[in-house]
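**Q** Structure in structure tokens, see below.
The values are calculated or read from the model by the stated rules, or taken from the named source; none is laboratory data. These numbers come from a predicted model, not from an experiment. Glycine gets a Cβ as well: all are built from the backbone with ideal geometry, and neighbour counts include every protein chain shown. All accessible areas refer to the heavy atoms of the entire protein, side chains included, with ligands and DNA or RNA removed. Shrake-Rupley method; radii C 1.70, N 1.55, O 1.52, S 1.80 Å.
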Amino acid sequence: MIKGVHTMFYSSEAEALRTFLRDKLEFPFTDVGEGWLIFDVPEADMGCHPADDTGKHGEPSGTRDISFYCDDIEQTVAELRAKDVEFTSGIEDVGYGLATYFKMPGNLTVQLYQPKYTKG
């Protein structure tokens with residue numbers, strides 16, 4: 001049966017992205033050889049959101065997204081800014097939690113959020 005989920009970022013700056021995930025986000029990793037690092041994420045969840053094929057109300061059907069979440073968004077943003085992580089927006093209440101976005105190497109922008117819901 002399914003044991004977990006493997007997520008991937010495709011980046012034109014793969015080595016810089018691996019360094020970012022290792023040094024700035026401090027994810028533990030396994031070095032599988034030849035510069036390939038596989039990162040262990042501390043915990044995960046998966047949502048299934050409604051889509052609008054017109055793209056006028058949210059993302060179109062078939063879109064995939066990866067977000068990171070934390071317990072204290074203001075503290076996490078401050079810690080990441082101290083490591084020169086660039087944020088593209090302020091922290092906003094988006095209904096399900098407080099959210100912002102930051103840049104990663106290879107033209108990637110990722111959401112960071114503090115959920116309002118409690119995981120069971």
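**Q** Quick test of your reading of the structure: residue 67 fulfils all but one of (1) surrounded by 10 or more Cβ atoms within 10 Å (Cβ to Cβ); (2) free of Cβ contacts under 8 Å to residues at least 40 places away in the same chain; (3) closer than 19 Å to residue 4 by Cα; (4) not aliphatic (A, V, I, L, M). Name the failing condition by number.
**A** (2)
**Q** Just to be sure, is residue 106 open to solvent by less than 30 Å² (accessible area, probe 1.4 Å) and touching a Pro at 6+ places or on another chain (Cβ under 8 Å)?
**A** It is false that residue 106 is open to solvent by less than 30 Å² (accessible area, probe 1.4 Å) and touching a Pro at 6+ places or on another chain (Cβ under 8 Å).
**Q** I've got another one for you. Does any residue of the stretch 9-20 turn out to be exposed (fewer than 11 other Cβ atoms within 10 Å of the Cβ) and polar (S, T, N, Q)?
**A** Scanning the stretch 9-20, I find at least one residue that is exposed (fewer than 11 other Cβ atoms within 10 Å of the Cβ) and polar (S, T, N, Q), so the answer is yes.
**Q** Then there's this: Please list, ordered by first then second residue, the pairs with beta carbon atoms under 9 Å, 6 or more apart or interchain, first in the stretch 22-37 and touching a residue at least 12 places away in the same chain (Cβ under 8 Å), second surrounded by fewer than 14 Cβ atoms within 10 Å (Cβ to Cβ) and of a type in the set (Asp, Glu).
**A** 24/84; 27/40; 28/40; 35/15; 37/31
**Q** Grab the strands (runs of 3 or more DSSP E) fully contained in the stretch 35-120, keeping just those with 2 or more residues being farther than 29 Å from residue 12 by Cβ.
**A** 97-104, 108-115
**Q** How many residues are open to solvent by 60 Å² or more (accessible area, probe 1.4 Å) and under 15 Å from residue 96 (Cα atoms) if we restrict to the stretch 44-64?
**A** Counting residues in the stretch 44-64 that are open to solvent by 60 Å² or more (accessible area, probe 1.4 Å) and under 15 Å from residue 96 (Cα atoms) gives 5.
**Q** I'd like to know if the stretch 27-36 contains one or more residues that are surrounded by 15 or more Cβ atoms within 10 Å (Cβ to Cβ), touching a Gly at 6+ places or on another chain (Cβ under 7 Å) and aromatic (Phe, Trp, Tyr).
**A** Looking for residues that are surrounded by 15 or more Cβ atoms within 10 Å (Cβ to Cβ), touching a Gly at 6+ places or on another chain (Cβ under 7 Å) and aromatic (Phe, Trp, Tyr), one finds none in the stretch 27-36, hence no.
**Q** Still on this structure, please answer the following. Looking at the stretch 91-106 only, could you name the residues that are under 16 Å from the mean Cα position of the chain (by Cα) and of a type in the set (Gly, Ala, Ser)?
**A** Listed by number, the residues that qualify are 97, 99, 106.
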